[in-house]
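These notes are about the structure you will find just below.
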Ligand SMILES: [Zn+2]
């Protein structure tokens with residue numbers, strides 16, 4: 001007999017955490033941080049003793065799947081963490097950043113303690129654990145190194161989707177199709193929603209840049225450090241080197257995004273065909289004429305000496321911190337400032353306020369007038385939408401007996417549940433926090 005406990009991401013899009021118990025082994029699948037409302041309360045303690053956990057299998061490096069590994073190790077976990085090599089490298093950056101922002105969690109060395117417990121596994125390689133448990137990670141096409149998990153235990157097969165990416169995302173490969181599973185634990189972030197086609201992102205970016213060049217504008221793009229920043233550089237590289245836009249200074253002003261870009265640049269074995277063809281032709285996909293990055297804050301300040309037009313890509317993605325704040329404090333009151341949103345802006349964040357064209361926006365305890373021109377490119381997304389989730393599911397040779405929907409707001413989960421039940425014979429559940437499934 002085994003038990004699967006849903007310890008997080010039930011009716012929310014953060015905090016992915018599952019506990020699988022079989023025989024005497026206890027395995028966690030992901031160890032994600034809750035973000036947003038009530039996060040502190042939810043992150044406060046684990047519903048198990050970290051010392052009792054034997055293994056963690058990690059699907060990818062995003063904080064909402066990996067962030068609480070710091071607390072897990074701090075509070076006594078001494079086992080092994082299995083994940084893809086690129087994820088280990090991204091994880092180090094992500095955890096160091098979290099410790100830097102929240103030093104109360106523990107000493108700086110804690111990130112290295114987590115990393116020292118990590119063991120790389122290759123995609124598609126089956127790995128055996130004591131107690132007759134086997135698993136393998138498959139490419140999820142979400143961010144570099146992201147995986148969905150297949151796990152065999154007690155004569156049953158589980159699949160955990162992690163976060164599923166979109167078909168056609170640049171740089172990384174498309175999500176690999178699953179084959180079969182008795183039980184599937186699946187994300188539902190964009191249940192009921194539809195993304196515009198990806199191809200539109202690059203076209204829109206081109207139009208905005210051309211307009212900025214005509215109007216001598218400064219362009220600020222708040223961006224997440226993992227995935228989005230690299231996609232932007234990839235598209236800029238294409239637009240500039242194909243001659244579709246005139247070169248203009250493009251500055252990556254985020255030390256974290258710069259580190260992440262180096263990890264992306266190293267792991268060419270994870271690229272899709274298009275990116276590999278570019279490499280084979282000698283194209284450096286994250287580099288192009290007039291591209292700069294600024295590691296030091298001194299270099300960042302010198303951006304002010306440039307005359308427009310130019311583009312600055314900086315974090316954080318929702319303007320809640322990072323260097324984008326200083327840029328926008330200075331330039332948001334100006335008409336020749338363009339702010340381009342390329343990612344989700346949560347309620348209550350300065351990014352959302354700017355996007356909704358509020359005339360005054362609070363940035364770092366200061367009210368700043370917002371006279372900038374605001375753009376939004378919706379086609380960027382690292383998550384499969386409703387249709388793409390269904391088509392991922394379509395690839396199963398036969399539908400799983402039971403599907404547990406997690407990692408989605410209640411409405412998104414319910415919409416996806418309805419549509420899955422219409423198309424497949426599977427029994428679909430939307431587990432609440434603490435639900436235990438006995439198998
Ligand atoms: Zn993710």
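Readers should treat all values here as calculations from the given coordinates under stated rules, not as data from a laboratory. As the structure is a computational prediction, the values presented were derived from the model and not from experiment. Cβ coordinates were reconstructed from backbone atoms using ideal geometry, including for glycine residues, and neighbour counts include every protein chain displayed.
A few points about this structure:
- Sorted by Cβ neighbour density within 10 Å, fewest at the top, the residues 121, 319: 121, 319
- Summarising the strand pairing of the chain, around 45 percent of its internal DSSP beta bridges are antiparallel.
- Averaging the Cα positions of each part gives two centres, and for segment 380-426 and segment 174-224 these lie 19 Å apart.
- If the chain linking residue 266 and residue 306 were pulled fully straight, counting 0.36 nm for each residue of separation and taking away their Cα-Cα distance, it would gain 11.3 nm.
- Estimated 222 nm signal from helices in the chain, with DSSP H stretches of n ≥ 4 weighted -39500 (n - 2.57), rounded to 500: -8500 deg cm²/dmol
- Order of 152, 360 - criterion: other Cβ atoms within 10 Å of each residue's Cβ, fewest first: 360, 152
- Subtracting the Cα-Cα distance of residue 330 and residue 395 from 0.36 nm times their residue separation leaves 18.4 nm of extension gain.
- Sorted into 20 angstrom bins from 0, the C-alpha pair distances of the chain split as 25, 57, 18, 0 percent.
- Mean separation of Cα contacts under 8 Å, 6 or more apart, over the residue count of segment 199-376: relative contact order %: 29 percent
- Residues 148, 331, 365 in ascending order of nearby Cβ atoms (within 10 Å, fewest first): 365, 331, 148.
- Whole-number percent relative contact order across the chain, with pairs defined as alpha carbons under 8 Å at least 6 apart: 19 percent
- Segment 287-348 versus segment 1-49: alpha-carbon centroid distance in Å: 36 Å
- Choice from 238, 215, 96 showing the highest fluctuation, given a GNM over the chain with Cα pairs closer than 10 Å: 215
- Of all DSSP-defined beta bridges confined to segment 199-376, some 20% are antiparallel rather than parallel.
- If R0 is 22 Å, the Cβ-Cβ spacing of residue 299 and residue 101 corresponds to a FRET efficiency of close to 0.55.
- When both bridge partners sit in segment 312-391, DSSP labels roughly 50% of those beta bridges antiparallel.
- Between the helical axis of 255-266 and the longest alpha-carbon principal axis of the chain there is an angle of about 70 degrees.
- Estimated FRET transfer efficiency (residue 402, residue 284; beta-carbon r; R0 51 Å; 0.05): 0.65
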